[in-house]
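In what follows, a single structure is set out as structure tokens and then discussed.
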Amino acid sequence: STGTVVEIAPRHSIGAEFEYWRNRDGEPNDTYTDFRTADETVRTESRFDNRNHRDNYSATFNYIWKIDTLGSQFKLIADYTRYTSDGDNSYHTTTCAPGTLRDSLYESATGSVYDILTADAGLTRKLPHGLTLRAGLRYTRNDMADKSRYAAQTQGTWLALPEYSYDQHYTEQIGAAYASLEYSAGRWELSAGLRGEYTSVASQAFGRSYFGLFPNVSVSRALNALRTWLLVAQWSRNIERPAFPALNPARIRISDYSWQSGNPSLRPTYIHRFSLTAVWKYRYTLTVGGNLHHDLIREIAHRDATAPDAVYIRPENHYTENHWFVAASVPAKITRWWNLSVNAVGVMQRIRLNSTDSPATHYLMFADATCSFTLPAGF
């Protein structure tokens, strides 16, 4: 990697950076499975050998104009990343039952090219009366091309398996405009923002476009003059788009009887997040809130109709999944040299796989404790 920053004037600077990395690996995987009944045992032994190499190129450019000495500035940043991945995979499976022996040999060649371009122009402006304005425009283009060729050996001859092969192209473009206003006065701190996004998606299987508004509000109030008691309320609407691996339809063997793949038809997840937090002495916190998901992406296991003993796993959208939580953070000084920090979170999940399902409820508890010790002087 290499980069530079140049001050072209007292309040103007430009910067650029380039980075490249390459990775190669091999992942041989040997497995065996026994199916036992009262009468017989069927053993399957397999070796899956994956050889992959990946290249990543990225370049970034930015321009900054410091408008005044109060912190106002205009910033333009653009970056481009290209990621390529190629894999050669071979699979050899032998199934042995009393009186029978079945042997199979097949291979696949996969390739992926991901191109990601983003550009962001943002303005931060310090205004009178404790106000700060932030506004900008952003553009993102994600382009994904995945292909795979499968073949099996039959009586010494390699034959293509078109039902397992694919050539998938997926392009996503996102244009966004955003603005937020921050205000601070006395015991109050407030901020509110709004982002509008227009998204266009195109692939061989489908094309779609959609618009969304994503507001956010945060209010904090100090309950005493020393600000040792604080209440903070927050609410926002968010979007999480599926990651590239979740969209890639490549089949990946996990074992002789299971495999996983991506799902190019995944929809983004929309989330309402809200919380109320009490803070005491800047360290002790108690938070209650909720994260309400629509179309949350989860991995689902299915039976393969062509192989009843096998399952395949792929990501799909849940209709709704709501998480209601209580969280506490309690640091304590046990002695002059021993500090203890305890964190605990309780969650109630309400899940509906489909719109016609009744909600399924799950309760979760997480807790951790961390100790730190101050060692004697000169240790």
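Under 18 Å from the 7 Å Cα→Cβ point of D304, by amide nitrogen: which residues of segment 98-130? Inside the label zone: 102-110. Of interest is the spacing of the C-alpha centroids, which for segment 113-142 and segment 251-310 amounts to 29 Å. Taking a straight line from the alpha carbon of K333, these aspartates and glutamates sit under 19 Å away, with near neighbours fewer than eight places off in the same chain left out: D368. In terms of its C-alpha gyration tensor, segment 208-285 has an oblate overall shape, because the principal axis ratio a/c (a ≥ b ≥ c, square roots of the eigenvalues) is not below 1.5 and a/b does not outweigh b/c.
With every protein chain in place and a 1.4 angstrom probe, the accessible-area ranking of K281, K147, largest first, reads K147, K281. Model label sites at A243 and S58, defined 7 Å from Cα along the beta-carbon direction, differ in position by 1.4 nm. Counting 0.36 nm for each residue step from Y270 to S90 and taking away their Cα separation leaves a gain of 60.9 nm. Distance from the alpha carbon centroid of segment 13-52 to that of segment 209-244 works out to 41 angstrom.
Label zone of D39 (point 7 Å out along Cα→Cβ, amide N under 19 Å): in segment 72-116 this covers 96-102. Place a point 7 Å from the Cα of V330 along the Cα-to-Cβ direction; which residues of segment 345-361 have their backbone N under 18 Å from it? Under cut-off, by backbone N: 345-347. Computed from the C-beta positions of A179 and Y20 and an R0 of 41 Å, the FRET efficiency is 0.65 to the nearest 0.05.
Protein heavy-atom accessible surface, 1.4 Å probe, per residue over segment 217-361: 55 Å². Here the convex hull built on the C-alpha positions of the chain has a volume of 264 cubic angstrom per residue.
To the nearest 0.05, what FRET efficiency results for R51 and V342 with a Förster distance of 56 Å applied to their C-beta separation? Taking R0 as 56 Å, the efficiency between R51 and V342 is 0.75. Computed with a 1.4 Å probe over protein heavy atoms only, the accessible surface of segment 1-125 comes to 62 Å² per residue. Surface composition of the chain: carbon plus sulfur atoms hold 58% of the accessible area, using a 1.4 angstrom probe and ignoring ligands, DNA and RNA. Heavy-atom accessible surface of M365, to the nearest 10 Å², is about 140 Å², with a 1.4 Å probe and all protein chains retained. Heavy-atom accessible area for I297, with the other protein chains in place and a 1.4 Å probe, reaches approximately 50 Å². By the helix-only formula, in which each DSSP H run with n ≥ 4 contributes -39500 (n - 2.57) and the sum is divided by residues, the chain has a 222 nm mean residue ellipticity of 0 deg cm²/dmol. Take every Cα pair under 8 Å whose residues are at least 6 apart in sequence, average their separation, divide by the length of segment 1-130, and the relative contact order is 23 percent. When restricted to Cα atoms, segment 62-176 yields an Rg and a Dmax of 26.7, 88 Å, respectively. On full extension, the segment bounded by Y198 and S13 gains 63.5 nm, given 0.36 nm per residue less the C-alpha separation. When the residues I239, I8 are ordered by accessible surface, computed with a 1.4 Å probe over the protein chains alone, the sequence from largest down reads I8, I239. Taking label positions 7 Å along the Cα-Cβ direction at both I67 and S1, the computed distance is 3.1 nm, reported to one decimal. For R149, the accessible surface of its heavy atoms amounts to roughly 120 Å² (probe 1.4 Å, protein chains only, rounded to the nearest 10). Computed over the chain with a Gaussian network model linking Cα atoms closer than 10 Å, the most mobile of Q260, Q168, Q204 is Q204.
The values are calculated or read from the model by the stated rules, or taken from the named source; none is laboratory data. Just so it is clear, the model here is predicted, and its values are computed rather than measured. Note: ideal-geometry Cβ built from the backbone for every residue, glycine included; neighbour counts use all protein chains shown. Quick note on the areas: whole protein, heavy atoms, side chains included, nothing else; ligands and nucleic acids left out. Shrake-Rupley method; radii C 1.70, N 1.55, O 1.52, S 1.80 Å.
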